[in-house]
1. Among the residues of region B:13-24, write down those that are outside any strand (DSSP E or B), small (Gly, Ala, Ser) and surrounded by fewer than 23 Cβ atoms within 10 Å (Cβ to Cβ).
2. Considering every residue within region B:373-381, establish whether at least one is surrounded by 16 or more Cβ atoms within 10 Å (Cβ to Cβ) and of a type in the set (D, E, K, R).
3. Inside region A:334-363, can you point out the residues that are assigned to a helix (DSSP H, G or I), within 11 Å of another protein chain (Cβ to nearest Cβ) and surrounded by fewer than 22 Cβ atoms within 10 Å (Cβ to Cβ)?
4. Listed residues A:20, A:6; which is more than 16 Å from residue B:329 (Cα to Cα), among the hydrophobic types (A, V, I, L, M, F, W, C) and in contact with a His (Cβ under 8 Å, 6 or more places away or on another chain)?
5. Quick check on my filter: what residues within region A:46-66 are of a type in the set (D, E, K, R) and within 12 Å of chain B (Cβ to nearest Cβ)?
6. I'd like to verify a number: residues in region A:106-129 that are among the hydrophobic types (A, V, I, L, M, F, W, C) and in a loop (DSSP other than H, G, I, E, B), how many?
7. Starting from residues that are buried (at least 23 other Cβ atoms within 10 Å of the Cβ), in contact (Cβ under 8 Å) with a residue 60 or more places away in the chain and of a type outside the set (Val, Ile, Thr), keep the ones in region B:25-45 and report whichever is nearest to the other protein chains (Cβ to nearest Cβ).
8. Determine which member of the set B:178, B:196, B:192 is on the phi < 0 side of the Ramachandran plot, out of contact with any His (no Cβ under 7 Å at 6 or more places or on another chain) and outside any helix (DSSP H, G or I).
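Read the figures in this text as sums done on the coordinates, not as results from a lab. Predicted model only: the values in this text are computed from it and were never measured. No Cβ is skipped: glycine too gets one built from the backbone with ideal geometry, and neighbour counts run over all protein chains shown.
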Protein chains: 2
Amino acid sequence: MERAPAFRFELIATDPHTGARAGLLHTPHGPIETPIFMPVGTQATVKTLSQQDLYRLDAQIILGNAYHLYLRPGHELVERAGGLHAFMNWQRPILTDSGGFQVFSLGQLNKIQEEGVRFQSHLDGSYHLFTPEKVMEIEHGLGADIIMAFDECTPYPCTPEYARDSMEMTLRWAARCLERHRELSQQGDERLPQALFGIVQGSIYPALRARSATALAALDLPGYAIGGLAVGEPRSAMFDTIAATLPHLPTAKPRYLMGVGYPRDLVEAVGAGLDMFDCVIPTRNARNGTVFTSRGRVRLKNATHAEDFSPLDENCPCNTCANYTRAYLRHLFQTNETLGLHLASYHNVFFFLKLMRDMRQAIIAGKFAPWQRAFLDTCGET
Amino acid sequence: MERAPAFRFELIATDPHTGARAGLLHTPHGPIETPIFMPVGTQATVKTLSQQDLYRLDAQIILGNAYHLYLRPGHELVERAGGLHAFMNWQRPILTDSGGFQVFSLGQLNKIQEEGVRFQSHLDGSYHLFTPEKVMEIEHGLGADIIMAFDECTPYPCTPEYARDSMEMTLRWAARCLERHRELSQQGDERLPQALFGIVQGSIYPALRARSATALAALDLPGYAIGGLAVGEPRSAMFDTIAATLPHLPTAKPRYLMGVGYPRDLVEAVGAGLDMFDCVIPTRNARNGTVFTSRGRVRLKNATHAEDFSPLDENCPCNTCANYTRAYLRHLFQTNETLGLHLASYHNVFFFLKLMRDMRQAIIAGKFAPWQRAFLDTCGET
């Protein structure tokens, strides 16, 4: 008797006029409807939202971060708690980022070498070494459904030479990750299986991206991410790089664009054929008082909202818009009350998740191209 | 056809062995079951909790603060929003404190005189004058169900002379409050009626408290508060003062002990015959990482909880205890995540509200005295 594999990407529909596609990514914690936006829960919490809030928002998958959770509370503690799902009491899928981005951006005096990366903790200056093998051990301890390979996320700008050498090293790291992942998967008989995704690098150089994607595709991983974008390059360079990468990734696997983005970025990237996204924008901007609405972005601290007794977004059925006015939300921000951070975050995450659901529906209905045009015409500034 | 008055205090049960009593305080926004704890929502929000959370917690009445809301967003803005209930979308009863405590504790260079108090805003140093009449105008603008008279809250310690002069002035202020309150009540035909409560002062001097209570009782107000306690005096002095005050207040009116307190204070004060309480302790202590449990106080940041995968309180059915472990909550505090503040606040408010419900049930069942003894024996340290 054969069981269906725990991970399986099922393509439901492909748009005839764009690269957009709708799918179902089956995981041990249930299926994920793609295209999907994954709220970022760096430290085992999506900032200001409880897990009950995330269920109410119908978030289907959230992110955790290997670097942050390794430092606090420690992946071994999380493993003893029964893994990240049990530790934070979230029973739907989780994806953990490998920490590649953080050891470069947050670590002090990090030293990159073939073995891995030596870095100092941003918290207490203590020294640590992340190797591909070590990161796999951390991510297995955390026990997310999807785990990311350890990569070097090159900065922008970046010389072709550096980008090439780094990308080649990231490929060698991916092979080491896969080997250690296989060993750990065989040891952990009683644990749920985990899917290792590879990360395409190569800065904005099409040939490097093609090489990276092709080599990773040869590893036959269950999914692929495009990393190293949204790090300061022009928007057009990001989409050119995506276009240069996707033809080299298998269409039957989910494709994840890391760290992107604003609503119009998501709409354009779905049209290009990407399936998965994560970004701190909805939650971070909310905490800065910026909310996304069907009529564009709103700065809550703006004095024009002081006596505006209408909701953030007349067209939004979320808990925040159903219950509170702009005037009240502005008051909460003016008085530094955390309820303001919560209500704005709740709305923004709702907005992003609904945007993805709307796109998926349009793809399945065969109407994505006109939907995309209409969105970019009316809401392009968001 | 006569309607029942909007405000009416109905005594349901009195304990035969203590002064404890259970009642129903009818208000225009529904009845309040006493004894009651009122969560503090100083700036039109109970810190870290949404109004939906407060409904889930079954909070029956919350507090707002005239001083803070006068400064931000302004009582006139709140009035234009339709009053505090509409502004914050809370459809159950609200009580507003008069700001007497805040103009003395937060204001800079305040100057107290018969007319009222001149003070500087703690926010921007701007000058303001609070007279009894002005405070009534503010509280009518806010539109709470219960509004507090403007009083001077004397510090501790305080000479008998100062306490006497201040208490006599507070009595004259109470009469001025009542007069302005009556005028404003007649003007506001279409608004819901508001109940003005008087505040007994007199520091820890029994004769002054008796004089204050007797004189206020003569005004036949719908309820009375005991103010000027829990300001640093010994615990025994607080309860002696309560004992010296209550015989001079009418038994048919609700009695409110302002700014108290810890669970054992509430249990003792209910036994003394008090009906209403407010305090920042459950929410403020929660934000400092201290939670109240059936086995005493717990400091969440303590390292002993790092790997404690049990709930805060095994006996507590609240959302926090039903879903999260001490280890997870400690992690949230260690990483300064606001979800920790929210979950701890939710639990503490639940604990305080349940404590009051348990007392009310024991009073109605005629079993308050043994309940109180058992509580003080087992949970006295809380």
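1. Listed by number, the list holds a single entry, B:19.
2. No, region B:373-381 contains no residue that is surrounded by 16 or more Cβ atoms within 10 Å (Cβ to Cβ) and of a type in the set (D, E, K, R).
3. Within region A:334-363, A:334, A:338 qualify.
4. Matching residue, one of A:20, A:6: A:6.
5. A:47, A:53, A:56
6. Result for region A:106-129: 2.
7. Step by step, filter region B:25-45, then rank; the result is B:39.
8. Exactly one residue qualifies, and that residue is B:192.
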